[in-house]
Structure formats: structure tokens, C-alpha cells
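Working notes for the structure below.
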Amino acid sequence: MQYNPVEMIGQSIRSIPDWPKQGITFRDITPVLQNPRTFRMLIDIFVARYMQQQLDLVAGVDARGFIIGSVIAYELNLGFIPIRKKGKLPFETVGEEYHLEYGQASVEIHVDAVKEGQRVLLIDDLIATGGTLLAANRLLNRLGANVVEAASIIDLPDLGGSTLIKETGLPVFSLYSF
């Protein structure tokens, strides 16, 4: 019997055509999260990748990056930084605008979220045009972080986001490509 965790996770990702608007295929990770086996496999893959990286923090992007990022941080015994949509954090923030596959938005981070030189893993569920992770990386860099890698469950390479991220010098790791 063959056992391939990456394949099992990939088969659990649901594709929803024309959502949130016509022409967009949304890649839904909720079936991965709902199944305890695939959820554990997903987290274990990331933990195994980063357990020897001497990281200080994990930064997760609103909202699905929170789900996996906080669990990975917990498993690695690290702190977690939420990078939120504009207006959602209660303390003093810095923000960054970016373009989405289907619009424009901005993200924010608390001004005291990271200390100069701390090694940070940046994570989200999906890389499309790369705008969200690029904005999050700029925020972390402005605060003095050393972002070690941008990680995601899914990469949509045809949209060019992972290429744009790599062009900044930030390594990218994605578990699955569509």
C-alpha cells in the first residue's frame, strides 16, 4: 500500500468554480482541515520542514494563514504573529496595500510584533498573484524581521505570485500546485 501524504492532502482540496466571482476557481482547504488525518499530515509536513531552522516566530496571513500558522507555531514552540486585514488589530499598526487576483486590499501588523533580526516563517494557505505575501513580507521587513521563507499549502504558478516572491530573494515553499 502506497502512502503519500502530499497526494492525500492534494486530493482533499476542493475546487469551487466561479467563486468569489466569475472566472475564478477557488481552492478550498476546509476539507483538509475537517479530516483529522489530512490536517495532521499537513501540519506534520510543515513542522518537519521547519523544526531545525532556528525560527523565532511564525507569521500567518488573515485568515486561513492563521489556522495553519498558529498550529505550526504551537508545534514548534514559537510565538505567532497575526497579519490582519486593515482595521482588525487593536494596537498601533503599520500597514501595506496590495493587489489581489480579483481586487485590492491592505494588511496590517502591530508595531511591536517582531524584534530586529528575529527569524520569521511567513505562511498563508495559497499563493495566487503573490500580493498578500509580498505585502506581509514588506511589513515584517519594515519592522526588522529576517523572513526565512514564504510558505503555503497551494501555489497557483500560472498567476505568477510565487515567481514575484522569489524575485525579491525570499524563498518559497508550497506543498501543492494547481
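Rank S106, Q53, I43 by how far each Cα sits towards the positive end of the charge dipole of region 1-143 (+1 on Lys, Arg Cβ; -1 on Asp, Glu Cβ) and give me just the farthest.
Going by the charge dipole, the pick is I43.
In the neighborhood of Y176, defined by Cβ-to-Cβ distances under 10 Å, what is the net charge if each Lys or Arg adds +1 and each Asp or Glu adds -1?
-1
When DSSP assigns beta bridges and you keep just the ones with both residues in region 2-99, what percent turn out antiparallel, to the nearest 5? Walk me through the numbers on the way to the answer.
Details: 4 of 9 bridges.
Given both bridge residues lie in region 2-99, the antiparallel proportion sits at roughly 45 percent.
Roughly how many Å² is the accessible area per residue of the chain, as a whole number, for a 1.4 Å probe?
51
Highest mean first, how do 131-138, 87-94, 15-22, 41-48 rank when packing is the count of other Cβ atoms within 10 Å averaged over residues?
Descending mean neighbour count gives 131-138, 41-48, 87-94, 15-22.
What are the DSSP H helices in the chain that stretch 15 Å or more along their long axis, judged by alpha-carbon atoms, and whose average Kyte-Doolittle hydropathy comes to at least 0.5?
For the chain, where a helix must reach 15 Å along its axis and average at least 0.5, the hits are 64-75.
Please list T38, T30 from largest to smallest accessible area, probe radius 1.4 Å, with all protein chains kept in place.
Details: T38 5, T30 50 Å².
The residues order as T30, T38, largest area first.
Over region 10-118, with every protein chain in place, what whole percent of the accessible area is carbon and sulfur at 1.4 Å, could you tell me?
Summing carbon and sulfur atoms, their accessible area is 48 percent of the total for region 10-118.
What share of the DSSP beta bridges in region 84-156 is antiparallel, in percent to the nearest 5?
Antiparallel: roughly 55 percent of the beta bridges in region 84-156.
Give me the lysines in straight-line cross-link reach of K115: C-alpha distance below 23 Å, same-chain residues under 8 apart excluded.
Partners found: K85, K86, K88.
Over the chain, what is the percentage of antiparallel beta bridges among all DSSP beta bridges, to the nearest 5?
On the way: 14 of 36 bridges.
So the antiparallel bridges amount to about 40 percent of the total.
How high is the relative contact order of region 23-178? Use alpha-carbon pairs under 8 Å, at least six apart in sequence, and give a whole percent. Don't skip to the end; give the middle numbers.
Numbers: 303 pairs, mean separation 28.4, N = 156.
Once divided by the residue count of region 23-178, the mean separation gives 18 percent.
The values are calculated or read from the model by the stated rules, or taken from the named source; none is laboratory data. Keep in mind the model is a prediction, meaning the values are calculated, not measured. As a convention, Cβ positions derive from the backbone with ideal geometry for all residues, glycine included, and neighbour counts pool all protein chains shown. Ligands, DNA and RNA are excluded from the accessible area calculation, which covers all protein heavy atoms including side chains. Shrake-Rupley method; radii C 1.70, N 1.55, O 1.52, S 1.80 Å.
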